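The structure appears right after this line, and notes come after that.
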Amino acid sequence: MAEGNPMLEAKPASASEAVMTQVILPSDANPLNAAFGGRVMEWIDICGGVAAGRHCRHAVVTASMDDLHFHTPIGVGWVVTLRARVLAAFRTSMEVGVTVHAENLLTGAEHLTTSALLTFVALNPDGTKALVPPLELKTEAERLAFAEAHVRRKARLERKQSGGSWQAVMLRHP
């Protein structure tokens, strides 16, 4: 089953998978010896961008990050593994899911620490939006993730259109 832009050849979701490994160093940590959330967010953005770029074979830019959840802290010296893959392909954008699992090398304990959904937009060399290939959905889990991505996309676009009142509160007043 293929979903997305029918003008291009569909690609399997598994072909977009990206994996990154990082060690939490003291420079990555806060005074509690836990990873800075912003550093983890940076790695999520990079790993998600690799997955999106693999799918569309274009430069990509981050349009949004949704459902970012820090489930548990990550200690200094722990190893984190980030996994990303395209969950849905739309006309010029893709939703990418990223998970972060941490491993305590001293005990061998592993657990999910962070998860996020990101939207990336594909760009042509001249900076215009590029069409992205449809996603070949091979499993029921992939079809469900794709359907849920459509629901999230609709809600995200509605929020984008109607949710600017909080930004007005943030304006600096002379």
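The values are calculated or read from the model by the stated rules, or taken from the named source; none is laboratory data. Treat the numbers as computed from the prediction; the structure is a model and nothing was measured. As a convention, Cβ positions derive from the backbone with ideal geometry for all residues, glycine included, and neighbour counts pool all protein chains shown.
A few remarks follow.
- For the range 131-162, a residue qualifies if it is among the basic types (Lys, Arg) and under 15 Å from Thr119 (Cα atoms), and the qualifying residues are Arg152, Arg153, Lys154, Arg156, Arg159, Lys160.
- Within the range 35-56, one or more residues are free of Cβ contacts under 8 Å to residues at least 12 places away in the same chain and under 11 Å from the mean Cα position of the chain (by Cα).
- Checking each residue in the range 8-55 for being in a strand (DSSP E or B) and of a type in the set (Gly, Ala, Ser) picks out Ala18, Ala29, Ala34, Ala35.
- Any hit, the range 42-55, residues being more than 19 Å from Leu117 (Cβ to Cβ) and not hydroxyl-bearing (Ser, Thr, Tyr): no
- All told, Leu123 falls short of being closer than 23 Å to Glu148 by Cβ and either modelled with pLDDT of 95 or more or out of contact with any strand residue (DSSP E or B) (no Cβ under 6 Å at 6 or more places or on another chain) (or both).
- Residues satisfying the stated conditions in the range 89-119, i.e. out of contact with any Asp or Glu (no Cβ under 8 Å at 6 or more places or on another chain) and within 22 Å of Glu9 (Cβ to Cβ): Phe90, Arg91, Thr92, Ser93, Met94, Glu95, Val96
- Within the range 78-118, tally of residues that are within 16 Å of the chain's Cα centre (by Cα) and among the aromatic types (Phe, Trp, Tyr): 1
- Condition met for Ala155 (in contact with a Leu (Cβ under 9 Å, 6 or more places away or on another chain), modelled with pLDDT under 95 and closer than 25 Å to Cys47 by Cβ): no
- Hey, Ala52 buried (at least 18 other Cβ atoms within 10 Å of the Cβ), out of contact with any Lys or Arg (no Cβ under 6 Å at 6 or more places or on another chain) and within 16 Å of Leu135 (Cα to Cα) or not: yes
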